[in-house]
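Before any comments, here is the structure.
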């Protein structure tokens, strides 16, 4: 057998029947044509086992061949092949919360001290903390990495019992971390990075900015006309970068090095990149590049719908419906379509029928079609902005 075969057309393998036919011919060449290879004979069963092993190995070869393609690779294999593009998967970060821990004595709160919130999520200290009698502020982190939330006053139960700790709570909600970048998100970012070669274009600018560490969302707009763009409030020959995540120093350095001369900028956020130049005499002088950009702002999306029980005896978990809707994550300037929200609603259960689902920007005028946020906004849904009427 010479399979799998890799050539200009890709990879080719045999079917199980092809392998069986080839092995039958080999067996008969060795033992004679009178050998009984029926499935109910020992020789036939042995032949079947060998054929299945060969077919499975060839199938594995095809699978491994496919995993060398970043558009098909998954998991750890994707992590390996994506390095060829010079990028890596964005890791998860930990959620953090400022805890107020009250004690009746001076004590040391050791690293690994654990507390629990109302959703049974564990929060833990990552370093030793010296506490004094009374209220102490201690930063704690979610035990698991990723996007974990806890509302104000929801962390009050100690998992680790320490003599002297009399009370604990969080006055403010936790700062949620970020989930690890998914395979799909990583593939999209990798394909965007292929535009890097298009130097001095918006595609190239986008591709390079999105590769900065910590960047989770991005939009880049350009007004290449000699007149003002009144819709986006952009002066002539200007760019507008709206970027979520990423360090300010990294962003302004890249913009300073990539922005073409004479291009104006729009943005309420600013930073200065200091460039050091050595002249022919060996003297250093500096150039201060002040760059402008914006961070995205949230746009409230209001939702209303009617739900009806399929079985009058089975209640509808409206709280779960609201939770599922609040978990939706839009990108900057992404359109929200009312009909697409039905899928999210039914992810909360199938014991009801949802109808008349509509969305609104102001909680006054509702539509069953689509809405779009402003150029620097991304939709968010709060529980208080969802109205569910059960009939």
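Each reported figure results from applying straightforward, stated rules to the coordinates on display, with no laboratory input. What you see is a predicted model, and the numbers here were worked out from it, not measured in a lab. Neighbour counts run over all protein chains shown; Cβ positions are idealised from the backbone, glycine included.
Build a GNM of the chain with springs between Cα atoms under 10 Å apart, and of 220, 307, 235 the one that fluctuates most is 307. Computed over segment 130-260, the alpha-carbon pair-distance distribution with 5 angstrom bins reads 2, 8, 13, 14, 12, 10, 8, 8, 8, 6, 5, 3, 1, 0, 0, each value a whole percent. Compared with the dominant principal axis of the Cα atoms in the chain, helix 16-31 is inclined by about 30°. Each eigenvalue of the Cα gyration tensor of segment 96-169, multiplied by 5 and square-rooted, gives one semi-axis; in descending order these are 20, 12, 10 Å. For segment 299-390, the share of alpha carbon pairs falling in successive 5 Å distance bins from zero is 3, 15, 26, 26, 16, 8, 4, 2, 1, 0 percent.
Using a Gaussian network model of the chain in which every pair of alpha carbons under 10 angstrom is joined by a spring, one finds that among 258, 360, 315 the greatest mean-square fluctuation is at 315.
Here the Gaussian network model covers the chain, with springs between Cα atoms less than 10 Å apart; of 268, 38, 111, 38 fluctuates the most.
Ratio of segment 16-71's C-alpha Rg to 2.2 N^0.38 Å, to two decimals? Intermediate results must be reported in sequence, preceding the final value.
Working: Rg = 14.8 Å, N = 56, 2.2 N^0.38 = 10.2 Å.
For segment 16-71, the normalised Cα radius of gyration comes out at 1.46.
Using the Stokes-Einstein relation with a Kirkwood hydrodynamic radius computed over Cα pairs, the translational diffusion coefficient of the chain at 20 °C and a viscosity of 1.002 mPa s comes to 79 µm²/s. At q = 0.11, 0.13, 0.14 Å⁻¹, what base-10 log of I(q)/I(0) does the Debye formula yield for segment 198-293 when every alpha carbon is treated as an equal point scatterer in vacuo? Log10 of I(q)/I(0), two decimals: -0.35, -0.48, -0.55. The angle between the Cα long axis of helix 183-193 and the longest principal axis of the Cα atoms of the chain comes to about 80 degrees, rounded to the nearest 10.
What order, most packed first, do the peptides 119-128, 274-283 have when packing is the mean number of other Cβ atoms within 10 Å of each residue?
Working: 119-128: 14.9, 274-283: 8.2.
Descending packing order for the listed peptides: 119-128, 274-283.
Here the spin labels are modelled as points 7 Å beyond Cα on the Cα-Cβ line, and at residue 323 and residue 45 they lie 5.2 nm apart. For segment 139-159 versus segment 79-135, the spacing of their alpha-carbon centroids is 8 Å. Quarter the surface of the alpha carbon convex hull of segment 1-153 and you get the mean projected area, 17.9 square nanometres. Taking the chain as the reference, fit the longest principal axis to its C-alpha atoms, fit the long axis of helix 42-67 to the helix C-alpha atoms, and give the angle between the two in degrees, 0 to 90, nearest 10. Approximately 30 degrees, to the nearest ten. Computed from the alpha carbon atoms alone, the convex hull of segment 58-115 holds 155 Å³ per residue.
Could you work out the helix-only [θ] at 222 nm for the chain, with each DSSP H run of four or more residues adding -39,500 (n - 2.57) and the total divided by the number of residues, to the nearest 500 deg cm²/dmol?
Working: 8 runs with 95 residues, N = 391.
The per-residue figure over the chain is -7500 deg cm²/dmol.
For the pair segment 229-271 / segment 319-359, the C-alpha centres are spaced 34 Å from each other.
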